[in-house]
Amino acid sequence: MSDRSTYETPLNSRYASREMQFLFSPDKKFRTWRKLWIALAESEKELGLPITQEQIDELKSHAEDINYDVAEEREKLVRHDVMSHVYAYGVQCPNAKPIIHLGATSCYVGDNTDIMIMHEALELIRDRLVNVMAALSDFAIKYKDMPTLGYTHYQPAQLTTVGKRATLWLQELEMDYEVVTEQLSKKKLRGAKGTTGTQASFMELFGGDEEKVKKLDMLVASKMGYDSVFAVTGQTYPRKLDSQILGALSGIAQSAHKFTNDIRLLQNLKEIEEPFEKNQIGSSAMAYKRNPMRSERIASLSRYVIVNSLNPAMTSAEQWFERTLDDSANKRISVAEAFLATDAILGIYHNIASGMVVYPKVIEAHIRKELPFMATENILMDAVKRGGDRQELHEKIREHSMAAGMKVKLEGLDNDLMDRLAADSAFSLGKEDADRLLDASLYVGRAPSQTEEYVSHIRKDIIEKNRDKLGMGSELKV
């Protein structure tokens, strides 16, 4: 039974996936510490230090079964988490105890582990991005030809299509994907750099042999799956890395928030709705309501990620010389929670993108109210071609438009602009001409082909290259 008397982060209980929760779990962290200690011992042995294979085998035999109780009791005494786990590992591995953490500083395990976890988490975020992009691509193609009102300043402007609008959401995610991919392409470990980054302890161990010390750095990295390390460090890896990575997460949050703004506005217009389940309740008081709770949840979490990205930026700026410890408490909260929240955002985003409901008749009705105004430019050009005076005709259209607008706004009547123009002999506009000019597809420009072209690029350059990552779940917890 869970303990309901203490605070539990809703990022775990309500939002983030099990996969992301595991990456920031104690098991993941401390097992990685032990893998790093094994990699260090193996590398030191390969470079000639008196470490036996029996000692390494003993370390490997206890790489997964962490004796947390021993470590926790030790930390109460020494107030140092790394030394407590060195001690606990040594209790399980008495023969290897003398060589655990040999030549290393706390940041050898702490910082290298943090980097590795961030990179694994970023890979999971990248995979979730691909799944959302795939869902939006399908939606965009399905509705590439469906005209809809375009808005500037949330005022009706020229027409676009439902699918073309979706490409705007998709393009922002592509930009985020590029940032995440770039960050992963240059990933590197802190390596084995010693207390202040000078590798002095390892120089002592290897009798001043710089080549062996440099090789140790790369051997450890290679054993942990990396082919590069930071060229220079203080005691820590540059905290700017955290800032850059959380900047990428902030970018995703910005894109997701913009998407939810549009969905909430469209849901108010009753043109497009996010999924709404059969037994879902929109309001405790108003039973008829269909609140966009998924979009609102994304918006809420997105604001948290955007603001939270300032934490590592400030931490990076505030570091002194080779390191200060005022990063530690902030870092272990802000980085983990940024990833957990972004994971949740993309899971919900995928849920919405995979199940959006479109109401064509409502969209058509809204177009009919505004299209006569948008058709006036074509009407003006046709009348000029037939010999009319452009300036005089423009004034007549302005007067008729204002009068029609007043009918709509003051009396709640339909837009009768086309009837007014048809009755004005200056335009020679017959009913057949009027009907032709009210075909919405005439006013969407290249929206359908733009959508096809852009989605083709996304599918070819991103989705197909990551096809093995598709199919990730998006079920809401609550």
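The values are calculated or read from the model by the stated rules, or taken from the named source; none is laboratory data. What you are looking at is a predicted structure, and each value in this text was computed from that prediction instead of being measured. Methodologically, a virtual Cβ is constructed for each residue, glycine included, from the backbone with ideal geometry; neighbour enumeration extends over all protein chains shown.
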Exercise. Out of the residues in the stretch 189-215 that are touching a Phe, Trp or Tyr at 6+ places or on another chain (Cβ under 6 Å) and not in a loop (DSSP other than H, G, I, E, B), which is surrounded by the fewest Cβ atoms within 10 Å (Cβ to Cβ)?
Worked result: LYS212
For this session: Go through the stretch 272-322 and give me each residue that's in contact with a strand residue (DSSP E or B) (Cβ under 7 Å, 6 or more places away or on another chain) and at pLDDT 95 or above.
Result: ILE272, GLU273
For this session: Select the helices (runs of 4 or more DSSP H) contained entirely in the stretch 342-461, then report the ones holding at least 1 residues which are over 30 Å from the mean Cα position of the chain (by Cα) and exposed (fewer than 15 other Cβ atoms within 10 Å of the Cβ).
Result: 360-385, 390-411, 417-423, 431-437
Seminar exercise, completed: When the stretch 178-196 is checked residue by residue, the ones that are in contact (Cβ under 8 Å) with a residue 24 or more places away in the chain and either among the polar types (S, T, N, Q) or outside the structural domain of GLU123 (by TED's automatic domain parsing) (or both) are THR181, GLN183, THR195, THR196
For this session: Please verify whether the stretch 162-175 includes one or more residues that are in contact with a strand residue (DSSP E or B) (Cβ under 6 Å, 6 or more places away or on another chain) and at pLDDT below 95.
Result: no
Problem set entry | Residues that are buried (at least 17 other Cβ atoms within 10 Å of the Cβ) and touching a Lys or Arg at 6+ places or on another chain (Cβ under 6 Å), drawn from the stretch 227-261 | VAL229, PHE230, THR233, GLY234, GLN235, THR236, TYR237
Seminar exercise, completed: Picking from GLU475, GLU452, the residue that is of a type in the set (Asp, Glu), touching a helix residue (DSSP H, G or I) at 6+ places or on another chain (Cβ under 9 Å) and closer than 22 Å to ARG128 by Cβ would be GLU475
Exercise. Within the stretch 21-39, is there a residue that is over 27 Å from LEU124 (Cα atoms) and not assigned by TED's automatic domain parsing to the domain that holds ILE115?
Worked result: no
Seminar exercise, completed: When ASP127 is run through (1) closer than 30 Å to LYS240 by Cβ; (2) not assigned by TED's automatic domain parsing to the domain that holds THR324, the failure sits at (2)
Exercise. For the stretch 63-93, how many residues meet the condition of being of a type in the set (Lys, Arg) and part of a helix (DSSP H, G or I)?
Worked result: 2
Problem set entry | Matching residues in the stretch 316-333 - criterion: being more than 17 Å from VAL232 (Cβ to Cβ) and either surrounded by 12 or more Cβ atoms within 10 Å (Cβ to Cβ) or touching a Gly at 6+ places or on another chain (Cβ under 8 Å) (or both) | GLU318, THR324, ASP326, ASP327, SER328, ASN330, LYS331, ARG332, ILE333
For this session: Select the helices (runs of 4 or more DSSP H) contained entirely in the stretch 6-62, then report the ones holding at least 2 residues which are in contact (Cβ under 8 Å) with a residue 60 or more places away in the chain.
Result: 18-23, 26-46
Seminar exercise, completed: Among (1) in contact with a Ser or Thr (Cβ under 9 Å, 6 or more places away or on another chain); (2) farther than 27 Å from VAL358 by Cα; (3) of a type outside the set (Val, Ile, Thr), LEU184 falls short only on (1)
Exercise. Going by the conditions given, is PRO147 farther than 30 Å from LEU36 by Cβ, surrounded by fewer than 20 Cβ atoms within 10 Å (Cβ to Cβ) and touching a strand residue (DSSP E or B) at 6+ places or on another chain (Cβ under 8 Å)?
Worked result: no
